[in-house]
Amino acid sequence: MTEKPSEILADDNAILPFQISDTAVRGHVVRLSGAIDEILNAHQFPDAVSVLLGEAACLVAMMGASLKFDGKLIFQAQGDGQAPMVVADYTAGGALRGTATLQSGEITGSGISLFGKGHIVMTIDQGPDMERYQGVTPIEGSSLAEAAISYFDQSEQIPTMVKLAVGRLSSPGEPDRWRAGGIMAQFVPGEGGTRERGEEMLMSEDDQDVWTRAAAFVQTTEDDELLDPSISTETLLYRLFHEDGVRVFDALPVHAECSCNGEKIAAVLGRYSQEDLHDMVENDAIRVTCEFCRKDYLFAPNGERLGEKADTG
Ligand SMILES: [Zn+2]
């Protein structure tokens with residue numbers, strides 16, 4: 001792929017909500033360039049892990065975009081594989097971040113097998129005064145997209161189709177840059193419906209037709225269509241759904257942003273004994289690195305804050 005003029009990149013780092021005609025089929029397309037490049041570059045994970053984390057970031061962004069409150073949606077995969085913990089979260093307003101924990105040793109697998117056996121945990125966090133909602137399902141399927149479909153089926157009983165893609169864009173004379181994209185369609189009667197959680201989804205024959213068709217079209221989406229910056233999101237949606245007609249809504253911008261904060265870390269350090277703090281000193285300072293954005297926070301041996309530095313590798 002080659003670099004294209006900037007006006008064609010206008011829908012990068014954004015989530016576009018859509019609806020098939022006036023049906024109950026709604027969805028989101030996410031296209032990420034700089035935001036995902038920043039997140040993945042901070043970690044320098046092996047490529048297979050970067051791809052999986054990028055997919056998780058796309059998924060949580062699309063799911064989080066439908067949140068109707070000032071909260072955070074957290075995706076966690078917890079397994080026994082080579083990447084036993086992969087976390088991505090999206091905060092209303094478009095802040096996205098992610099990280100992974102790796103087992104020691106070379107990464108030999110790829111895709112969802114890196115999780116191993118375990119669970120997907122989705123958490124809605126609306127702040128310390130609100131109860132957290134958590135959905136937990138086993139990790140199933142041969143891709144993260146399939147695992148997400150299974151999550152919605154088991155945890156929310158919402159018919160869902162998802163495609164996710166992560167790749168590198170090469171430009172002559174420049175370092176490769178990560179890109180990621182995803183499309184998710186769901187059958188959601190009445191904008192979430194009045195259905196009780198767990199209640200059987202009732203679909204008329206027409207509903208069934210429109211959903212089956214929409215899901216099949218989403219499934220045909222190629223990685224290139226999600227990643228190629230010369231294909232606009234509107235073009236992609238038109239290609240997929242022009243027969244039924246598709247409406248798009250206002251795009252939601254997405255950016256890489258971490259909620260880590262030096263004062264919080266200082267408060268945590270303040271609970272350690274002088275002796276424990278002393279054991280953490282290296283080169284006359286205590287360095288705490290954020291596991292999400294890799295930013296370093298520096299503290300004096302007595303726990304006093306010295307400052308912060310962007311990723312120093
Ligand atoms: Zn951070």
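The values are calculated or read from the model by the stated rules, or taken from the named source; none is laboratory data. Here the structure is a predicted model, which means the values were calculated and not measured. Cβ: placed from backbone, ideal geometry, glycine included. Neighbour counts: every protein chain shown. Keep in mind that these areas ignore ligands, DNA and RNA; they rest on the heavy atoms of the full protein, side chains included. Shrake-Rupley method; radii C 1.70, N 1.55, O 1.52, S 1.80 Å.
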- Multiply the residue gap between THR289 and GLU257 by 0.36 nm, knock off their C-alpha separation, and tell me the result in nm, one decimal place. 10.0 nm
- Task: Calculate what fraction, in whole %, of the accessible area of the chain sits on carbon and sulfur atoms when a 1.4 Å probe is rolled over the protein chains.
- Result: 47
- Query: Tell me, how many Å apart are the Cα centres for segment 18-85 and for segment 209-279?
  - Reply: 4
- Query: Tell me, what is the FRET efficiency for ASN41 and GLN154 to the nearest 0.05, using R0 = 51 angstrom and their Cβ-Cβ distance as r?
  - Reply: 0.90
- Note on the structure: Here Rg/Rh (Cα, Kirkwood) for segment 11-256 equals 0.95
- Length gain on complete extension for the stretch SER143 to GLN126, per 0.36 nm per residue less the alpha carbon to alpha carbon distance? 3.2 nm
- Task: Whole number in Å², please: accessible area per residue of the chain, 1.4 Å probe, ligands, DNA and RNA not counted.
- Result: 50
- Query: Stretch VAL268-GLN208 to full length: gain in nm at 0.36 nm per residue minus the Cα-Cα span?
  - Reply: 16.3 nm
- Message: Modelling each spin label as a point 7 Å along the Cα-to-Cβ direction, I'd like the ASP296/HIS119 distance in nm, to one decimal.
- Response: 3.7
- Query: About its Cα centre, how strong a charge dipole does the chain have in debye, to the nearest 20, once Lys and Arg get +1 and Asp and Glu get -1 at the Cβ?
  - Reply: 360
- Rounded to the nearest 5, what is the percent of antiparallel bridges among the DSSP beta bridges in segment 11-256? 95
